[in-house]
Amino acid sequence: MSKMPETTFADLSLADKVTAKKSSIVARRFSDVSTCSFSSACFTETSDEDEISPKDVKQNNSHGSSDFCVKNIGKAAFGRREIEIAEQEMPGIMTLRKRAAADKPLKNAKIVGCTHINAQTAVLIETLIQLGASVRWAACNIFSTQNAVAAALAEVGVPIFAWRGETEEDFWWCLDRCIHNEGWQPNMILDDGGDATHLMLKKYPDYFKSIKGIVEESLTGVHRLYQMSKAGKLTVPAINVNDSVTKNKFDTYYTCRDSILDSLKRTTDIMFGGKQVVVCGYGDVGKGCAEALRGQGCIVYITEIDPICALQAAMSGFRVVRLGEVIRNVDVVVTATGNKHVVTRDHMNRMKNGCIVCNMGHSCSEIDVSSLHTPELTWERVRSQVEHITWPDGKMIILLAEGRLVNLSCSTISSFVVSVASSTQALALIELYSAPGRYKSDVYLLPKKMDEYVASLHLSTFDAHLTELTDAQAKFLGLSKAGPFKANYYR
């Protein structure tokens with residue numbers, strides 16, 4: 001029998017490299033596993049490296065590729081360990097990867113991604129690769145990237161362009177490098193906030209002739225898609241996963257419930273008991289924030305424009321107010337609307353000394369931060385992502401993450417809950433890619449059957465056992481025994 005030729009790392013496909021690199025990483029001391037250095041506001045060190053833009057540094061990964069731009073490729077081993085830890089808490093997306101990898105449902109898909117880049121989204125990115133896709137990736141937020149995770153992705157050959165602390169110019173440069181690359185043109189978009197979609201529409205409109213579909217996961221991005229559709233500018237089908245049941249009832253609610261407390265603790269060391277807090281918006285994000293803060297002993301007020309959400313808040317025991325009615329007395333302001341200028345300069349002028357202001361909605365303009373850049377106000381960075389802004393009379397407010405997403409800028413998030421959202425995104429991409437012609441140029445919700453499948457992928461973690469309908473029960477309800485069990489309009 002002839003001897004098989006020896007395979008080198010360079011001979012492996014990108015999907016194989018993802019697997020191979022995992023087994024080659026040496027275990028680190030427990031103290032090295034802390035996320036503080038890469039994903040939390042606890043990290044306050046500075047170095048000469050921080051003054052050099054990654055765009056100005058030539059880097060190659062271990063197999064010679066330079067098709068990426070990250071902070072420091074040397075941190076790849078640390079980032080790989082972070083990804084492995086996340087995988088252990090992401091049963092749904094890992095099960096989906098295992099079940100679908102052989103079929104390669106995304107074979108020949110070319111996905112441009114613009115999302116937060118952390119250990120959890122790295123698991124999604126590598127899953128898409130295992131399912132047959134080629135990808136190019138940028139960050140949707142200038143502060144939420146875990147540099148070590150970005151390095152780990154670059155090390156296995158993922159063309160990734162992102163680092164924590166990008167400038168606005170850097171942000172658009174990175175995204176442009178993902179969309180426009182010689183010899184590679186995207187045919188799918190995975191977006192979080194709509195920036196990839198809008199940059200392509202503005203600079204490379206001809207690319208939409210090849211786009212099979214868009215998957216959008218944020219309220220802000222979905223709003224922009226509906227605006228495009230109304231204006232007749234949406235020329236491809238899009239799936240709104242933000243309003244899928246598995247996204248808004250699990251990822252949006254539970255992630256925000258946990259991470260708002262973590263973010264405030266890491267950045268300000270606040271004691272919650274007895275503090276007066278106003279949460280602007282009582283959608284799924286606002287609900288999670290409000291209930292978490294009340295659970296810690298805060299007195300919580302809600303602002304709302306929607307009478308239905310306002311009634312929900314009132315019947316949950318929250319006082320529904322206008323922001324101007326409580327702004328002089330509250331200790332913390334949390335925005336969670338996805339709108340712009342929810343907190344204005346006038347509001348901030350009237351805040352009490354030491355008031356903490358932060359944003360949990362996707363839009364970075366919910367707090368009118370630009371209005372604070374005036375000569376009479378003094379800015380002082382006292383900690384990573386924490387600014388003290390002082391008025392001429394000595395009053396000071398505390399602004400977190402420059403008004404951007406505080407939980408993804410200043411804390412970590414639950415890998416398990418992100419697994420739910422990531423599974424939803426992956427299935428939405430597969431649905432659009434594998435069913436050309438099924439969807440018109442409009443915005444769609446994820447089919448309920450897929451929503452239920454995503455939920456089922458995660459039940460075994462809790463040793464949960466579903467009850468099965470009898471034939472008579474299924475006939476009585478007019479349902480298939482295999483589902484779906486809810487109508488598409490159920491939310």
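Within the range 88-105, not a single residue is touching a Lys or Arg at 6+ places or on another chain (Cβ under 8 Å), over 18 Å from Ser414 (Cβ atoms), outside the structural domain of Val406 (by TED's automatic domain parsing) and surrounded by fewer than 23 Cβ atoms within 10 Å (Cβ to Cβ). Among the strands (runs of 3 or more DSSP E) confined to the range 197-302, there are none with at least 3 residues that are surrounded by fewer than 24 Cβ atoms within 10 Å (Cβ to Cβ), at negative phi and free of Cβ contacts under 8 Å to residues at least 12 places away in the same chain. Scanning the range 115-144 for residues that are within 14 Å of the chain's Cα centre (by Cα), of a type in the set (S, T, N, Q) and at pLDDT 95 or above yields Thr115, Asn118, Gln120, Thr121. Across the range 382-403, the qualifying residues are those that are out of contact with any Leu (no Cβ under 7 Å at 6 or more places or on another chain) and among the acidic types (Asp, Glu), and the one among them that is surrounded by the most Cβ atoms within 10 Å (Cβ to Cβ) is Glu402. Residues that are within 21 Å of Arg266 (Cα to Cα) and part of a strand (DSSP E or B) within the range 352-382 comprise Ile356, Val357, Cys358, Asn359, Ile367, Trp379, Glu380, Arg381, Val382, listed in sequence order. Inspect all residues belonging to the range 174-183 and state whether any of them is buried (at least 18 other Cβ atoms within 10 Å of the Cβ), in the same structural domain as Leu128 (by TED's automatic domain parsing) and not hydrophobic (A, V, I, L, M, F, W, C). The answer is yes; a qualifying residue exists.
State whether one or more residues within the range 418-431 are more than 26 Å from Met271 (Cα to Cα), without any contact (Cβ under 8 Å) to a residue 60 or more places away in the chain and touching a strand residue (DSSP E or B) at 6+ places or on another chain (Cβ under 7 Å). No, the range 418-431 has no match at all. Do we have any residue at all in the range 472-483 that's within 16 Å of Val241 (Cβ to Cβ), aromatic (Phe, Trp, Tyr) and at pLDDT 95 or above? Within the range 472-483 (the criterion being within 16 Å of Val241 (Cβ to Cβ), aromatic (Phe, Trp, Tyr) and at pLDDT 95 or above), the answer is no, since none of the residues qualifies. In the set (1) in contact (Cβ under 8 Å) with a residue 12 or more places away in the chain; (2) at negative phi, Gly132 fails one condition alone, (2). Within the range 449-460, being surrounded by 13 or more Cβ atoms within 10 Å (Cβ to Cβ), over 20 Å from Ile214 (Cβ atoms) and in contact (Cβ under 8 Å) with a residue 60 or more places away in the chain holds for Ala455, Leu457, His458. Residue count for the range 394-421, restricted to those that are assigned to a strand (DSSP E or B) and under 13 Å from the mean Cα position of the chain (by Cα): 1.
Output the number of residues of the range 422-460 satisfying the condition of being part of a strand (DSSP E or B) and not aliphatic (A, V, I, L, M).
So the first thing to find is which residues in the range 422-460 are part of a strand (DSSP E or B), and the list is 443-445.
Narrowing further to those that are not aliphatic (A, V, I, L, M): 444.
Summing the residues that are part of a strand (DSSP E or B) and not aliphatic (A, V, I, L, M) in the range 422-460 gives 1.
Listed conditions (1) crowded, with 20+ Cβ neighbours inside 10 Å; (2) closer than 20 Å to Val112 by Cβ; (3) of a type in the set (S, T, N, Q) are all met by Ser434, apart from (1). Can you name the residue in the range 63-87 that is at pLDDT 95 or above and assigned to a loop (DSSP other than H, G, I, E, B) and, of all such residues, is surrounded by the fewest Cβ atoms within 10 Å (Cβ to Cβ)? Of everything passing the filter in the range 63-87, Gly64 is surrounded by the fewest Cβ atoms within 10 Å (Cβ to Cβ).
The values are calculated or read from the model by the stated rules, or taken from the named source; none is laboratory data. None of these values were measured; they are calculated from a predicted model. We place every Cβ from the backbone using ideal geometry, glycine too, and count neighbours over all the protein chains shown.
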